[in-house]
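The values are calculated or read from the model by the stated rules, or taken from the named source; none is laboratory data. What you see is a predicted model, and the numbers here were worked out from it, not measured in a lab. Positions of Cβ are generated from backbone atoms using ideal geometry, with glycine treated the same way; all protein chains shown enter the neighbour counts.
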Amino acid sequence: MNRTTGRPNTRADCNHIARPCPYVGCRYHLYLDVGQNGLLLINFPNLEVDELIFSCALDVAMGGQSTHRHIGEYLNLSQERVRIIEYEARGKLASSPLSRFRHDH
């Protein structure tokens, strides 16, 4: 834990924190995003932070494979937007120098 802010520094620090996570400033928290223009975006404008079912992207990732619909619900995105993000991410991964380390083509 960070002594100054009390926020977790590592994933292990998060294990004891109740969900939904109160640390909206964490880069993995789903409530807020930073837009390309640097402005904060509220992903769930109709909910308070403590009303989120899933608040952490790492929790969602550790939950295993999900459908585009489920991921869209977690992130407040449409299924089509999730597909587009996945497609773009796969393209970036394929062109990355790190792609040579992948064995599951």
#### Entry: Members of the range 1-38 that are within 14 Å of Leu58 (Cα to Cα) and of a type in the set (S, T, N, Q)
Asn9, Thr10, Asn15
## Note on the structure
Val49 meets each of (1) surrounded by fewer than 14 Cβ atoms within 10 Å (Cβ to Cβ); (2) in contact with a Pro (Cβ under 7 Å, 6 or more places away or on another chain) with one exception, condition (1)
### Task
Name, by its number, the condition in (1) surrounded by 13 or more Cβ atoms within 10 Å (Cβ to Cβ); (2) assigned by TED's automatic domain parsing to the domain that holds Thr10 that does not hold for Asn76.
(2)
### Query
For Glu86, are the conditions met, namely being among the acidic types (Asp, Glu) and either under 17 Å from the mean Cα position of the chain (by Cα) or surrounded by 11 or more Cβ atoms within 10 Å (Cβ to Cβ) (or both)?
yes
### Query
Does the range 1-28 hold any residues that are surrounded by 11 or more Cβ atoms within 10 Å (Cβ to Cβ), closer than 12 Å to Val49 by Cβ and not hydroxyl-bearing (Ser, Thr, Tyr), and which are they?
Arg19, Pro20, Cys21, Pro22, Val24, Cys26
### Summary
Of those in the range 1-51 that are assigned to a loop (DSSP other than H, G, I, E, B) and in contact with a Leu (Cβ under 7 Å, 6 or more places away or on another chain), the residue modelled with the lowest pLDDT is Gly35
### Query
Just a yes or no: is a residue in the range 34-45 farther than 27 Å from Met1 by Cβ and surrounded by 10 or more Cβ atoms within 10 Å (Cβ to Cβ)?
yes
### Message
Testing Gly6 on (1) on the phi > 0 side of the Ramachandran plot; (2) touching a strand residue (DSSP E or B) at 6+ places or on another chain (Cβ under 7 Å), one condition comes back false. Which one is that?
### Response
(2)
### Query
From the list Ala61, Ala94, Ala89, which one is closer than 30 Å to Thr4 by Cβ and part of a helix (DSSP H, G or I)?
Ala61
#### Entry: Whichever residue in the range 67-105 is under 20 Å from Leu41 (Cα atoms) and among the hydrophobic types (A, V, I, L, M, F, W, C) and, among such residues, is modelled with the highest pLDDT
Ile84
### Task
Could you identify the single residue in Pro45, Pro22 that is without any contact (Cβ under 8 Å) to a residue 60 or more places away in the chain and touching an Asp or Glu at 6+ places or on another chain (Cβ under 9 Å)?
Pro22
